[in-house]
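K.L.:
After the structure tokens below, expect a handful of questions from me.
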Amino acid sequence: MGRPDPEEGQLPAPVKPPDGGWGWIVLLGCFVITGFSYAFPKAVSVYFKELMKDFHVGYSDTAWISSIMLAMLYGTGPVCSIMVNQFGCRPVMLIGGLLASAGMILASFTTNIIELYLTAGVLTGLGMALNFQPSLIMLGTYFDKRRPLANGLAAAGSPVFLSSLSPLGQVLLEKFGWRGGFLIMGGLLLNCCTCGAVMRPLDMGMKRKMGKAQDKYEAKEMLPIGGKSEEGISTTDGTKKGKKAKKKPKKGKKLLDFSIFSNRGFIIYTISKFILVLGLFVPPILLVNYAKDTGVPDTEAAFLLSIIGFIDIFARPACGMVAGLKWVRPHVAYLFSFSMLFNGLTDICSARASNYTGLVIFCVFFGISYGMVGALQFEVLMAIVGSQKFSSAIGLVLLIEAFAVLIGPPSAGRLVDALKNYEVIFYLAGSEVVLSALFLGVASYCCLNRGKKEPLPENNPSAGGGSDTEEAESDVQEAEEHSSDNHQPAHSTDNAVVVANEEANHVAEEQRGEGGGCPAGDGEVLARDGCNADQMVERDSF
């Protein structure tokens, strides 16, 4: 990567996002995690009829399993942020993978619906939440220039896994029953642990490398090389230990950085996202029943969701590529606003669709706009708050979205029961999405672009950001400060250097007095054991 070699006595450069390399493996892991997190709560719905028969409950009772999973995914955002800031991404993801798998395995042995809520709902939902959030944080750590494309590719995991897990669940249900299907699904969720294991922090080994580099740097630049070199190096090691003992303790990281609420861009994003979620998920939830009420056969009505998923698979990476263009990326918030406006107008214009052809056209445009929203939502948040504060920002945003998820779709369902009219629901949902788009675009232009004088968040890292790169950057900064203080070393190192200089000068004077030896050039000191050029140390280095 063109970094200085620590073995040559130079300090390592700060870690920067590689935009490739191992980052592609991290992207693959994030793809899998995103697929499980968003698709799994919907895929378990294929088991609901069997659960209704075995436990003698209604559809609304079994539907709470998916609702609890989604509530855990969104509502535990701050808890995930605190754990990531405290322990790092990889340990949290490993624990999350074990919890998600254990929840489904235990669910296969349950005897009533309440136990299913606690195992498949709470435990599995919490495990997926502990995987989803850290994977996005690691993705932002490994990618910078290609981050929009990376976010688009990772977001494509949701439609891919939804189109795969639902048929797989149906096959497992027919061959092994719902208990066997839950058991196998629990085994599949262990892949989350594999994805967590590949989330290698960028600063791994940085402290060790910097320690070796400092030893080499100090020994080469500060100490005479010769008979005293080993003694000098050992003295340097002792000095280093003494400095560690006297080093001022670091300020602890904030477990949850609420200072992001002072960022006007974050406030605007959060409000618009809350309004968006109120109406975004309503059309796909009601689409199948709406199609059946218009006279569409059951199989063709179910195929409408497959059309949305298929279009969504290609829309997310394509939108990520567009967002990564040089002339588009500085204005990615406006592209996000456009995608929301596109989605809302699609809902409004399709509210009067009364035949299957009109519904298919709606699904095509809805799949494109829905994919654009999914690809850009986290990219915009990263651009607003920066990678260092993203771990806290996403947790707080998901918590606020949880309230919108619990308000939007249930309210739409109650309106359908009361009005017996889907057209009004599509108008209402589309209006909410359009309102969020207009608010984001207008507020960003008026409040941020006009009079925006504060620096970018990336250039102003906060102590509470909690990203994996932040700690490495602070360690490198300390190392650079330490190397710049070589003109004022510790007391024990000063003594060793002064003694070595006095002895070397004394030998040089004796050799000059005897008329032997080699002449010393200006600014140079002769080494004790000879006159070779390799054994000279410049006095200016002190």
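The values are calculated or read from the model by the stated rules, or taken from the named source; none is laboratory data. Keep in mind it's a predicted model, so treat the numbers as computed, not measured. Note that each Cβ is placed from the backbone with ideal geometry, even for glycine, and that neighbours are counted across all protein chains shown. To get the accessible areas, we keep the full protein, side chains included, count just its heavy atoms, and leave off ligands, DNA and RNA. Shrake-Rupley method; radii C 1.70, N 1.55, O 1.52, S 1.80 Å.
K.L.:
When you check Phe336 against the structure, is it over 13 Å from Val373 (Cα atoms) and either open to solvent by 10 Å² or more (accessible area, probe 1.4 Å) or hydrophobic (A, V, I, L, M, F, W, C) (or both), yes or no?
P.N.:
Numbers: over 13 Å from Val373 (Cα atoms): no; either open to solvent by 10 Å² or more (accessible area, probe 1.4 Å) or hydrophobic (A, V, I, L, M, F, W, C) (or both): yes.
No; evaluated as a whole, the condition is false for this residue.
K.L.:
I need the full set of residues from segment 310-329 which are open to solvent by 20 Å² or more (accessible area, probe 1.4 Å) and under 26 Å from Thr34 (Cβ atoms), in order please.
P.N.:
Let us first name the residues in segment 310-329 that are open to solvent by 20 Å² or more (accessible area, probe 1.4 Å), namely 310-311, 313-314, 317-318, 321-322, 324-327, 329.
The answer is Phe310, Ile311, Ile313, Phe314, Pro317, Ala318, Met321, Val322, Gly324, Leu325, Arg329.
K.L.:
Could I ask something else about it? Could you say which residue among Asn85, Asn112 is open to solvent by 50 Å² or more (accessible area, probe 1.4 Å) and modelled with pLDDT under 95?
P.N.:
Details: Asn85 fails: open to solvent by 50 Å² or more (accessible area, probe 1.4 Å).
None of the others qualify; the one that does is Asn112.
K.L.:
Which numbered condition in (1) open to solvent by less than 20 Å² (accessible area, probe 1.4 Å); (2) closer than 30 Å to Pro201 by Cα is the only one that Arg90 fails?
P.N.:
Against the list (1) open to solvent by less than 20 Å² (accessible area, probe 1.4 Å); (2) closer than 30 Å to Pro201 by Cα, Arg90 comes up short only on (1).
K.L.:
Considering every residue within segment 293-310, establish whether at least one is under 16 Å from Ala154 (Cα atoms) and in contact (Cβ under 8 Å) with a residue 24 or more places away in the chain. Let's see the steps before the verdict.
P.N.:
Of all residues in segment 293-310, those under 16 Å from Ala154 (Cα atoms) come to 309-310.
Cutting the leftovers down to in contact (Cβ under 8 Å) with a residue 24 or more places away in the chain gives us 309-310.
Checked against the condition, which is being under 16 Å from Ala154 (Cα atoms) and in contact (Cβ under 8 Å) with a residue 24 or more places away in the chain, segment 293-310 yields at least one hit.
K.L.:
Which members of segment 423-445 meet the condition of being of a type in the set (Phe, Trp, Tyr) and either surrounded by fewer than 21 Cβ atoms within 10 Å (Cβ to Cβ) or at pLDDT 95 or above (or both)?
P.N.:
Step one: list which residues in segment 423-445 are of a type in the set (Phe, Trp, Tyr), which gives 426-427, 439, 445.
Residues satisfying the conditions are Tyr427, Phe439, Tyr445.
K.L.:
Further question: For segment 349-357, does any single residue satisfy the condition of being among the charged types (D, E, K, R), closer than 29 Å to Leu406 by Cα and either in a loop (DSSP other than H, G, I, E, B) or at pLDDT below 90 (or both)? Give the steps one after another, and end with the answer.
P.N.:
Step one: of segment 349-357, the residues among the charged types (D, E, K, R) are 352.
If we keep only those that are closer than 29 Å to Leu406 by Cα as well, we get 352.
Next, from what is left, pick out any that are either in a loop (DSSP other than H, G, I, E, B) or at pLDDT below 90 (or both): 352.
Yes, segment 349-357 has at least one match.
K.L.:
Here is a list of conditions, (1) more than 15 Å from Leu183 (Cα to Cα); (2) without any contact (Cβ under 8 Å) to a residue 40 or more places away in the chain, and Gly127 meets all of them except one; can you say which number that is?
P.N.:
Gly127 satisfies every listed condition except (2).
K.L.:
Looking only at residues in segment 340-366 that are in contact with a helix residue (DSSP H, G or I) (Cβ under 7 Å, 6 or more places away or on another chain) and over 16 Å from Ala429 (Cα atoms), which one is least open to solvent (accessible area, probe 1.4 Å)? Talk me through it step by step, then tell me what you get.
P.N.:
First pass over segment 340-366, keeping only residues in contact with a helix residue (DSSP H, G or I) (Cβ under 7 Å, 6 or more places away or on another chain): 340-348, 350-353, 356, 359-360, 362-366.
From the residues that got through so far, the ones that are over 16 Å from Ala429 (Cα atoms) too are 356, 359-360, 364.
Values: Tyr356: 63, Leu359: 3, Val360: 40, Val364: 49 Å².
Checking each candidate, the answer is Leu359.
K.L.:
Now for a separate question. Residues to consider are Lys250, Lys244; find the one that is surrounded by fewer than 18 Cβ atoms within 10 Å (Cβ to Cβ), part of a loop (DSSP other than H, G, I, E, B) and either at pLDDT below 50 or not charged (D, E, K, R) (or both).
P.N.:
Values: Lys244 fails: part of a loop (DSSP other than H, G, I, E, B).
After ruling out the rest, the residue left standing is Lys250.
K.L.:
Out of all the residues in segment 277-335, which are farther than 30 Å from Phe403 by Cα, touching a Leu at 6+ places or on another chain (Cβ under 7 Å) and in a helix (DSSP H, G or I)?
P.N.:
Correct list: Met321 only.
Okay, residues lined up against (1) within 30 Å of Gly324 (Cβ to Cβ); (2) in the same structural domain as Ala291 (by the TED database); (3) crowded, with 16+ Cβ neighbours inside 10 Å:
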residue	(1), (2), (3)
Val373	yes, yes, yes
Gln377	yes, yes, yes
Ile384	yes, yes, yes
Leu399	yes, yes, yes
Ile407	no, yes, no
Ala412	no, yes, yes
Val416	no, yes, yes
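K.L.:
Something else now. Tell me, yes or no, whether segment 199-215 has at least one residue that is aliphatic (A, V, I, L, M), over 30 Å from Lys16 (Cβ atoms) and at pLDDT 80 or above. Quick ask: steps written out before the conclusion?
P.N.:
Here is the first cut: in segment 199-215, the residues aliphatic (A, V, I, L, M) are 199, 202, 204, 206, 210, 213.
Checking which are over 30 Å from Lys16 (Cβ atoms) leaves us with none.
Scanning segment 199-215, I find no residue that is aliphatic (A, V, I, L, M), over 30 Å from Lys16 (Cβ atoms) and at pLDDT 80 or above, so the answer is no.
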